[in-house]
Every structure is written in structure tokens, then in C-alpha cells.
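Undergrad: Take this structure, written in C-alpha cells, and hold onto it; I'll ask about it next.
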Amino acid sequence: MFATSGRAARLLQSSSSLSSLSSSASSSSLCGRVSRTTNPQLPWMAQRAATYVSRAHPRPVPEFTVTEAMQMVLEGIEERKEKRTKKWERNAPKRQAKGLKDDGPYRNQDETVELAINLNLDPRRQGQALRGSLVLPHGTGKTIQCLVLSKDADVTQKAKAAGHEAGGDDLLEKLIAGEVPLDSFQRALCTKDILSDVQKKAARLLGPRGLMPNPKTNTVFEEGSVLLEKLEEQSNTITYRTESSGIMHFPVGKGSFDSKQLLDNLQAICQTVQDQKPESYGKGKKKKKMGKNVKYWIRAHLTSTQGKGIRMDLRTVDPTSPFFMKVPE
């Protein structure tokens, strides 16, 4: 009996020592992890809350002002340009060994700076599907090849003289027959006198390629003179459309632009998005009415063709903010 009681006492003593060691080790490791990442002067629970990261509590994403984000994007473009140039020069002996000759200097890629805006819009609701076009102050850096459709012979001749493909019913028949390739065109313009024929005959051909003329995108005109005026601005014009999740993408310009030109284009885009703000907006149930403090702008990111997205401070993007295109104090 005494032996059994002594054995039980030894077991209790060993289990208590092990539990004390494990608790001290876990507390010391946790405190050590917290002390390395947080301020040791804060209370222990506050330190643990500050370092707690999970799926429900993700790590906060840093935000930058418009000027800071633009500078970071341009610096990333220059770094990638240097890397591509060095790689081209490093692989010169390999090209010579294969018998390949260089036609000239290395033609580096001119990346496009892009803006993505997440708005509190549901395109399925009436009035919330924003769609249109705008003219950038400094253009996009691209040369747009247009397809011009009109029954006015004078308009088609002037459009052809400007270097665009133009015509009337004869060109429409060639498009349907596949004699004119559509891959070389980025935009299609037409006058109202031929719009009905285009909708009946070529809608299935032009629609999936994004070339269908539409009054909402300012590609359908009453008069040919107005069409010719807008034809000169097509290289500076961009079109936009709200996606199903409320996101809108805009090309701001090329990486070869300077910072001021890109910021001017970005300012014009943000102002246009604000001007197109619908009277009622908001995601959620269809029968639910819009509240008083519902936000229109949710997030905005700036990126380039091969760069990472940079989240911007909404105070510097929203035109209604006093810090629009400025550095908050």
C-alpha cells in the first residue's frame, strides 16, 4: 500500500514538473516572438493583438500617395529595362554562335501604366453600369488604327487619307466575307446613316472583338464632320466599362512618359469617374435602399505591364477629398 502511494506521488510530481516546463517554454517562446516584433513597453495582451495574423485578421497592406505610387511604378519600369538590356548583351555570344545577327540596338519594351479602381457599384442594377470614353490630356502613347463606316463618300475619302480603313456598304460586305482582317483595328466609328446595317449584318462579327460602334462610347455620330474631328482624337481617347465586380481598368500612359504627364492623365481619369457617379449606388441586396454614409470609392491600385500592384491612399485619389492629388499632412 505504501509502495503504491509513493509511486502515485512520484507520478504526480513528474507530471506537474512537465506541465510547468511546457507552460514556461510556450510562454517564453510567445513572449520572445512578440518582443521581437512589437514594442516591449506595451502590455502583453496588446502586443499579442498587434502581431496576430490570420485569415480573418490579415496583415495590413501599405498605402501610398499618388505621387509616391507613381514614382515607385516608374522606378520599377526602369529597373526592368536595365535587366532586359543586360540580359540581351550577356546573350550576344550565344546568338553569334547560332548564326543570328542583330539588326540594330535592342528595342526595349515600353510598359503601360495602368489604373484599377474598385467602386461600390453593381452593374446588374439600373444606372450603375458605367460605360463611356474620355480624352487624356497627353494621350496613351499608342497609335490607334480605326475602322470608319459611312455612306458619305467625302467622309470615307478623308478617313482613308488619314491612314484609316473606311468605306460604306462595300466595306461592310468585305468584312462579312472575311476579305478585310479585323485584327489590325482597335476601334470602329460610324455615322447614323449606316448604323442599322452594321447592327443587322456585322454585330456578331464586331461585337466579340469590341469593335461594335455604340453611342455610349461616343463612336456613333450624327454628322460626318463630327466623325472626322473625333477621328483625330482617337489616339488620345480611351474607353472604359464597369466589370461585374465593380472594378474599372484604365490605361494611364506609357513608361516613357514623365511623372507630370502621367499624373495629369490620372487626374483626368479620376475626375471623369467622379463625374459619372450615379445617383444611387451600392452592392448588396436589390431591394435594400442606399444608406446615408455609403462610400463610392473603395480601393485604387496603380501598376504597370510587368509590375506589382501598389495600393493608393483614397484621400489622394478621390476628387471630393481636400487632399486630391496632394500629400496628406
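The values are calculated or read from the model by the stated rules, or taken from the named source; none is laboratory data. Source: prediction; values computed, not measured. Glycine also receives a Cβ, built like all others from the backbone with ideal geometry; neighbour counts cover every protein chain displayed. Heavy atoms of the whole protein, side chains included, go into the accessibility calculation; ligands, DNA and RNA do not. Shrake-Rupley method; radii C 1.70, N 1.55, O 1.52, S 1.80 Å.
Undergrad: For the peptides 64-70, 303-309, what is the packing order when you average, over each peptide's residues, the other Cβ atoms within 10 Å and list the highest mean first?
TA: 64-70, 303-309
Undergrad: Can you compute the label reach from A92? Point 7 Å from Cα along the Cβ direction, backbone N cut-off under 20 Å, restricted to the stretch 109-144.
TA: So the set is 109.
Undergrad: Still on this structure: How would the stretch 129-234 be classified by its alpha-carbon gyration tensor: rounded, prolate or oblate, with rounded meaning a/c under 1.5 and the a/b versus b/c comparison settling the rest? Walk me through the numbers before you get to the answer.
TA: Values: a/c = 1.38, a/b = 1.24, b/c = 1.12.
Rounded, because the longest to shortest axis ratio a/c is under 1.5.
Undergrad: Would you mind getting the accessible area per residue of the stretch 151-254, heavy atoms of the protein chains only, 1.4 Å probe, in Å²?
TA: On the way: 5640 Å² over 104 residues.
Ligands and nucleic acids excluded, the figure is 54 Å² per residue.
Undergrad: Considering Cα pairs under 8 angstrom that are at least six residues apart, work out the relative contact order of the stretch 201-329 and quote it in whole percent.
TA: 11 percent
Undergrad: Then there's this: Set the Förster distance to 51 Å, then compute FRET efficiency between K192 and E79 from the Cβ-Cβ distance, nearest 0.05.
TA: Once rounded, the FRET efficiency stands at 0.55.
Undergrad: Related question: With all protein chains present, how much of the accessible area of the stretch 239-328 (probe radius 1.4 Å) comes from carbon and sulfur, to the nearest whole percent?
TA: Taking all protein chains in place, the stretch 239-328 shows 49 percent carbon and sulfur surface.
Undergrad: Please tell me which of these pairs span more than 29 angstrom C-alpha to C-alpha: K158/K201; K87/K254; K200/K283; K151/K216; K174/K277?
TA: K200/K283; K174/K277
Undergrad: Turning to a different aspect of this structure: Rounded to a whole number, what % of the accessible area of the stretch 108-209 do carbon and sulfur atoms account for, probe 1.4 Å? Before the final figure, lay out the partial values.
TA: Details: 2240 of 5110 Å².
It is 44 percent, rounded to a whole number.
Undergrad: So if R0 is 25 Å, what FRET efficiency would E233 and E279 give, r being the distance between their Cβ atoms, rounded to the nearest 0.05?
TA: 0.25
Undergrad: Can you tell me which aspartates and glutamates have their Cα less than 14 Å from the Cα of K101? Leave out same-chain residues fewer than eight positions away.
TA: Partners within reach: E89.
Undergrad: Enumerate the aspartates and glutamates that K83 could reach by cross-link, defined here as Cα to Cα under 18 Å, with residues fewer than 8 away along the same chain left out.
TA: K83 reaches E75, D110, E111.
Undergrad: Of G255, N236, V273, which is farthest along the charge dipole of the stretch 223-287 in the positive direction, counting Lys and Arg as +1 and Asp and Glu as -1 at C-beta?
TA: V273
Undergrad: Between D154 and E68, what FRET efficiency follows from the Cβ-Cβ distance if R0 is 56 Å, with the result rounded to 0.05? Before the final figure, lay out the partial values.
TA: Values: r = 51 Å, r/R0 = 0.91.
After rounding, the FRET efficiency stands at 0.65.
Undergrad: Size of the stretch 211-329 along its principal axes in angstrom, Cα-based, largest extent first?
TA: Computed over the Cα atoms, the extents are 46, 43, 29 Å.
Undergrad: Mind giving me the nanometre distance, one decimal, between the label points for K216 and V180, set 7 Å out from Cα along Cα→Cβ?
TA: For the pair K216/V180, the computed spacing is 2.5 nm.
Undergrad: To continue, here is another question. In whole percent, what relative contact order does the stretch 152-243 give with Cα contacts below 8 Å and a gap of six or more residues?
TA: For the stretch 152-243, the relative contact order is 28 percent.
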